[in-house]
Amino acid sequence: MSNVIIIGTQWGDEGKGKIVDLLTERADYVVRFQGGNNAGHTLVVSGKRFIFHLIPSGILHPGKKCMVGNGVVLDPAVLIGEIDRLAEAGIAVTPDKLMISLYTHIIMPYHRALDLAREKKKGKTAIGTTGRGIGPCYEDKVGRCGIRVHDLLDKEMFRRKLAATIEEKNFILERFYGEKPLDPAAIVDEYLAYGERLRPYTGNVSEVLQAADASGRNILFEGAQGTHLDIDHGTYPFVTSSNTVAGNACCGSGIGPTRIDKVVGVVKAYTTRVGGGPFPSELLDDTGEYIRKVGGEFGATTGRPRRCGWLDMAVVKSSVRLNGLAGLAITKLDVLTGILKLKISVSYNCRGKCIDSVPPELDALEACEPVLTELPGWEEDIGGMRSWDQLPRNTRNYLQAIEQYAGVPIYMVSVGAGRDETIILRNPFDA
Ligand code: GDP
Ligand code: IMO
Ligand code: MG
């Protein structure tokens, strides 16, 4: 029995979906515990591409159970769309395969409208959110006026809760942002229909996970976003609105911290970021453009080009600390093939001081200059390689440098988007 958390160590899009899909082979349950459909997790299995925003990335494996925990914010139309698209692809997502926590908060139309209106009003200072209503939904959760999955299943309760909040939302939308107000009657009809559609999938995820754990099943927790988008520990305010660090796997699913065995951090072999905010090792030159092109660095959720830069070990080291990482999964190493002079940012020069972690204050991070070390690259096509020994010497040197700066071992190396394009050095489900 083993319970493993997979989280992103950078600013998201590290390849968590691929790693979770791969490790699902050893898991019985796969659990999303935070974020919502701001996430876009891409899987490539037998040459077919799947993108999941809400359904856990274990769903393609027969016989596994996928859970959407209470810490997620759920747009029911998006979830239903994912279930329907999978059905079209011949994959039936039946209630024995997918459970949604009764206590998951619902993203309402006014959350999306407020997210977009706020970003529009901010103009140049916008955060660059995905516009999916994530922040406003979490605000209502913390503000104790959110609507949860169980409210959708109770017509009267839903009407009451919506009535209690819609007036204020419409007031802000209309009077402050100059946007159109929303029609509560239309929302009631639409959302109660979602409730009926999702009713068979709902349950007490915490209780199910406890029973699974007690009977020796393996649970895999799938993080969304990345450590530096964490609401507390990230580059605030250029962050998402949930805790993305491993600790939230417990709060966001209802399992105790003593039940977790290992945390593995996914590290893209270089760095990317979507949206605003500081990015010390960003490449605004041809190399950045090359990485974006070869790595296909365009958002899986919004299609926006991702900002690209060298691997930043202050970012990774801070993630080791914040998540208690046991090991790393390195992804997209193949993208670096052909760049003959590779650089890694090993620390920062911050106003004349050398630091090797990400400073929490925005102005301090903005002042950080990357301290770069150069390593020789490789030209060999590594996509077909399946063992450490097959890798070119310079590739192994690059990986060893990552281990040395991070202070934790590499568990696996991904050399292509496909499930099998992976070198597994150590499986986190092994003791
Ligand atoms: P996530 O949000 O962390 O799950 O990552 P995304 O799915 O948003 O972005 C990762 C992208 O890289 C996806 O298009 C994956 O199919 C792709 N990918 C994952 N691992 C590799 C790899 O090792 N090599 C290459 N070339 N692509 C990869
Ligand atoms: P996955 O799970 C990359 C970023 C947005 C924006 C900030 C806030 O695929 O790695 P939000 O809509 O959450 O309020 O936006 O967070 N962001 C992501 N960036 N990958 C993600 O998810 C992201 N989810 C949110 O671009 O900068
Ligand atoms: Mg993504």
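The values are calculated or read from the model by the stated rules, or taken from the named source; none is laboratory data. The shown structure was predicted, so the numbers you read here are calculated from the model rather than taken from an experiment. Here the Cβ is made from the backbone with ideal geometry for all residues, glycine too, and neighbour counts use every protein chain on show. Just the protein is used for accessible areas: all its heavy atoms, side chains included, with ligands, DNA and RNA removed. Shrake-Rupley method; radii C 1.70, N 1.55, O 1.52, S 1.80 Å.
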**Prompt:** Could we say that His61 is within 13 Å of ligand 1 (Cβ to nearest atom) and either open to solvent by less than 30 Å² (accessible area, probe 1.4 Å) or within 16 Å of the chain's Cα centre (by Cα) (or both) here?
**Reply:** no
**Prompt:** From Glu403, Glu380, which residue is open to solvent by 10 Å² or more (accessible area, probe 1.4 Å), in contact (Cβ under 8 Å) with a residue 24 or more places away in the chain and closer than 28 Å to Asn248 by Cα?
**Reply:** Glu403
**Item:** Filter result for Lys341 (basic (Lys, Arg), under 24 Å from Glu403 (Cβ atoms) and away from ligand 1 (no atom under 15 Å from the Cβ))
**Value:** yes
**Prompt:** Of Ala326, Ala314, which residue is away from ligand 1 (no atom under 16 Å from the Cβ) and under 24 Å from Asp430 (Cβ atoms)?
**Reply:** Ala326
**Item:** Qualifying position, being among the aliphatic types (A, V, I, L, M) and near ligand 1 (Cβ under 9 Å from one of its atoms), among Leu43, Leu22
**Value:** Leu43
**Request:** Kindly indicate whether Arg144 is assigned to a helix (DSSP H, G or I), of a type in the set (D, E, K, R) and surrounded by fewer than 16 Cβ atoms within 10 Å (Cβ to Cβ).
**Result:** no
**Request:** Report, by residue number, each residue of region 12-23 that is within 12 Å of ligand 3 (Cβ to nearest atom), open to solvent by 10 Å² or more (accessible area, probe 1.4 Å) and farther than 15 Å from His53 by Cβ.
**Result:** Gly15, Lys18
**Prompt:** Among Asn243, Asn170, which is the only one that is of a type outside the set (A, V, I, L, M, F, W, C) and touching a Cys at 6+ places or on another chain (Cβ under 9 Å)?
**Reply:** Asn243
**Item:** Long-range neighbours under 6 Å by Cβ, at least six apart or interchain, first residue more than 21 Å from Gly252 (Cα to Cα) within region 86-105, second not in a helix (DSSP H, G or I)
**Value:** Leu86/Val93
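So that you can scan it fast, the table gives a plain yes or no per residue for (1) among the hydroxyl-bearing types (Ser, Thr, Tyr); (2) within 14 Å of ligand 2 (Cβ to nearest atom):
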residue: Pro257; (1), (2): no, no
residue: Gly275; (1), (2): no, yes
residue: Pro280; (1), (2): no, no
residue: Leu283; (1), (2): no, no
residue: Thr287; (1), (2): yes, no
residue: Leu322; (1), (2): no, no
**Message:** I need the full set of residues from region 168-188 which are on the phi < 0 side of the Ramachandran plot and either of a type in the set (A, V, I, L, M) or not in a helix (DSSP H, G or I) (or both), in order please.
**Reply:** Ile172, Leu173, Tyr177, Glu179, Lys180, Pro181, Leu182, Asp183, Ala185, Ala186, Ile187, Val188
**Item:** Matching strands (runs of 3 or more DSSP E) fully within region 216-281 where at least 2 residues are open to solvent by 10 Å² or more (accessible area, probe 1.4 Å) and within 19 Å of Ser2 (Cα to Cα)
**Value:** 262-268
**Asked** Does region 181-233 hold any residues that are free of Cβ contacts under 8 Å to residues at least 24 places away in the same chain and in contact with a helix residue (DSSP H, G or I) (Cβ under 7 Å, 6 or more places away or on another chain), and which are they?
**Response** Pro181, Pro184
**Request:** May I ask you to list the residues in region 160-175 that are surrounded by fewer than 16 Cβ atoms within 10 Å (Cβ to Cβ) and in contact (Cβ under 8 Å) with a residue 12 or more places away in the chain?
**Result:** Ala163, Ala164
**Message:** I'm checking my understanding of the structure. Among residues of region 67-91 that are more than 15 Å from Arg197 (Cα to Cα) and touching a helix residue (DSSP H, G or I) at 6+ places or on another chain (Cβ under 8 Å), which one is most open to solvent (accessible area, probe 1.4 Å)?
**Reply:** Asn70
**Residues located in region 195-205, provided they are open to solvent by less than 40 Å² (accessible area, probe 1.4 Å), of a type outside the set (A, V, I, L, M, F, W, C) and part of a helix (DSSP H, G or I)** = Gly195, Tyr201
**Item:** Residue list for region 92-105, restricted to those being surrounded by 14 or more Cβ atoms within 10 Å (Cβ to Cβ) and farther than 19 Å from Val149 by Cα
**Value:** none
**Asked** Quick one: which of Leu342, Leu365 is open to solvent by less than 10 Å² (accessible area, probe 1.4 Å) and closer than 21 Å to Tyr236 by Cβ?
**Response** Leu365
**Message:** Looking at Asp334, Asp420, can you tell me which residue is among the acidic types (Asp, Glu), touching a residue at least 60 places away in the same chain (Cβ under 8 Å), within 20 Å of Asp21 (Cα to Cα) and not assigned by TED's automatic domain parsing to the domain that holds Gln10?
**Reply:** Asp334
**Request:** Please specify each residue of region 10-42 satisfying the condition of being assigned to a loop (DSSP other than H, G, I, E, B), of a type in the set (A, V, I, L, M) and more than 9 Å from ligand 2 (Cβ to nearest atom).
**Result:** Ala27
**Request:** Using the structure shown, decide if Asp312 is over 18 Å from the mean Cα position of the chain (by Cα) and more than 24 Å from Leu229 (Cβ to Cβ).
**Result:** no
**Prompt:** Would it be correct to say that Thr42 is among the hydroxyl-bearing types (Ser, Thr, Tyr), surrounded by fewer than 20 Cβ atoms within 10 Å (Cβ to Cβ) and within 14 Å of ligand 3 (Cβ to nearest atom)?
**Reply:** yes
